[in-house]
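First the structure, in the form of structure tokens, and then the observations on it.
The values are calculated or read from the model by the stated rules, or taken from the named source; none is laboratory data. Nothing here was measured: the structure is a model prediction, and the numbers come from that model. In this analysis, Cβ positions are derived from the backbone assuming ideal geometry, glycine residues included, and neighbour counts consider all displayed protein chains.
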Amino acid sequence: MTTHHIAVIPGDGIGLEVTPAALEVVQAAGRRHGFGFRFTEFDWSCERYRREGAMMPPDALERLRGHDAIFLGAVGAPGVPDHVSLWGLLIPIRRAFRQYVNLRPVRLFEGIESPVRAAIDLVVVRENTEGEYSEIGGRMNRGFPEEMAVQEAVFTRAGVTRVLDYAFTLASRRTGYLTSATKSNGIVHTLPFWDELVRERAADHPNVRWDQEHIDALCAKLVLEPSRFDVIVGSNLFGDILSDLAAAVAGSIGLAPSANLNPERDFPSMFEPVHGSAPDIAGRGVANPIGAIWSAAMMLEHLGHPAAADEVVAAIAAILAKGDLRTRDLGGTASTEQFTRAVLALLTP
Ligand code: ATP
Ligand code: MG
């Protein structure tokens with residue numbers, strides 16, 4: 001029997017509640033399909049940062065490296081600035097393991113209230129290692145009338161090409177339609193370069209129809225007519241904004257999954273729900289586990305078990321469609337545990 005070795009970082013807040021739910025579900029899926037897991041848990045978190053002054057130990061990346069995948073709950077805590085959890089854990093892992101694709105599927109499930117009335121089934125492909133989130137720049141003349149801040153964005157041919165190739169290939173496996181997010185009318189160096197590379201890559205994927213939209217218009221269309229989109233590819237910043245917007249349109253941030261993928265598989269990929277540690281509801285057992293369970297399903301697919309992954313997502317869809325069991329963020333009263341039990345009940349051998 002295949003055993004997958006998974007590094008598990010439950011993190012903080014509701015990360016500690018939704019992670020066990022997700023792991024139980026993938027284990028159940030494994031029992032049905034004849035594979036197993038060995039989980040190694042790491043307590044890297046804002047809690048650890050408070051205790052020891054760092055989110056992770058110095059040899060953290062070495063320790064993660066040999067695993068088949070990483071599962072992350074959520075990191076963040078009141079009083080710890082976001083940049084500590086971002087730059088102390090998420091960004092080093094994404095960069096060191098070349099997880100340059102951030103994949104965020106968005107679906108409007110039957111039975112979910114949405115601000116829009118439309119069928120939604122799309123994937124946002126976000127560039128995950130360069131772009132607008134760079135440390136290059138600085139502040140000058142602090143406190144003076146001439147005060148200024150400069151922030152550089154970094155777009156490399158290699159970095160943009162690889163994420164575009166991933167997105168075009170994904171589009172060809174889905175409906176064959178790709179939308180590129182841009183703003184080359186206002187940003188005159190980086191985004192025209194991005195557009196040129198899109199055209200270049202498109203030539204190598206003649207089976208994919210593609211369009212480009214300026215980010216402002218794209219946000220409006222995503223709300224007004226989300227059904228027309230399938231794969232949307234964007235830079236680090238644009239992809240971030242689009243996936244939160246799309247997740248909100250599809251009902252609740254508690255539903256949204258994500259994968260930080262290393263498509264070459266020379267390093268582990270990392271799977272995590274889109275939501276944060278949600279300190280306002282942490283510790284009460286009421287968090288929606290769907291984002292975490294769906295992220296774990298993406299991990300199953302990455303590990304070579306697409307049928308098992310589909311069954312997990314189908315179980316979530318079936319429970320939501322039935323309509324009698326929902327967590328509070330979706331207007332129900334079910335606990336994390338009750339919802340998870342319902343998923344497990346549909347996955348028994
Ligand atoms: P962090 O600082 O870790 O990013 P946050 O509070 O800024 O945390 P989220 O954790 O994403 O951001 O929470 C935003 C809102 O959505 C909160 O009100 C939270 O309670 C709610 N929320 C997030 N995830 C869930 C979930 N899984 N189930 C229910 N509600 C959720
Ligand atoms: Mg937050």
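Annotations
- Residues that are under 14 Å from Val124 (Cβ atoms), aliphatic (A, V, I, L, M) and at pLDDT 95 or above within segment 201-237 comprise Ile215, Leu218, Val231, Ile232, Val233, Leu237, listed in sequence order.
- Strands (runs of 3 or more DSSP E) completely within segment 1-84 that count 3 or more residues being touching a Ser or Thr at 6+ places or on another chain (Cβ under 8 Å) and more than 19 Å from Ala256 (Cβ to Cβ): 2-11, 35-41
- Conditions (1) within 19 Å of Pro20 (Cα to Cα); (2) in contact (Cβ under 8 Å) with a residue 60 or more places away in the chain: number failed by Asn260: (1)
- Selection from segment 85-130 of residues that are of a type in the set (Phe, Trp, Tyr), in a loop (DSSP other than H, G, I, E, B) and modelled with pLDDT under 95: Phe109
Here is a yes/no grid of residues against (1) in the same structural domain as Asn236 (by TED's automatic domain parsing); (2) farther than 20 Å from Glu24 by Cα; (3) surrounded by fewer than 23 Cβ atoms within 10 Å (Cβ to Cβ):
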{"site": "Pro273", "(1), (2), (3)": "no, no, no"}
{"site": "Ile290", "(1), (2), (3)": "no, no, no"}
{"site": "Met298", "(1), (2), (3)": "no, no, no"}
{"site": "Gly323", "(1), (2), (3)": "no, yes, yes"}
{"site": "Arg341", "(1), (2), (3)": "no, no, yes"}
{"site": "Ala345", "(1), (2), (3)": "no, no, yes"}
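- The conditions of being over 15 Å from the mean Cα position of the chain (by Cα), surrounded by 21 or more Cβ atoms within 10 Å (Cβ to Cβ), assigned by TED's automatic domain parsing to the domain that holds Asp82 and closer than 17 Å to Pro105 by Cα are met by Ala315.
- Answer from Val80, Val84 - the residue that is of a type in the set (A, V, I, L, M), under 19 Å from Tyr133 (Cα atoms) and within 15 Å of ligand 2 (Cβ to nearest atom): Val84
- When each of Val124, Val116 is tested for being crowded, with 20+ Cβ neighbours inside 10 Å, aliphatic (A, V, I, L, M) and within 30 Å of Ala321 (Cα to Cα), the lone residue that passes is Val124.
- Just one of the listed residues (Thr161, Thr182) is crowded, with 19+ Cβ neighbours inside 10 Å and either assigned by TED's automatic domain parsing to the domain that holds Met298 or of a type outside the set (Phe, Trp, Tyr) (or both), namely Thr182.
- Note on segment 254-291: residues that are small (Gly, Ala, Ser) and either more than 16 Å from ligand 2 (Cβ to nearest atom) or part of a strand (DSSP E or B) (or both) total 5.
- Test for Glu272: is it among the charged types (D, E, K, R), touching a helix residue (DSSP H, G or I) at 6+ places or on another chain (Cβ under 8 Å) and within 16 Å of ligand 1 (Cβ to nearest atom): yes
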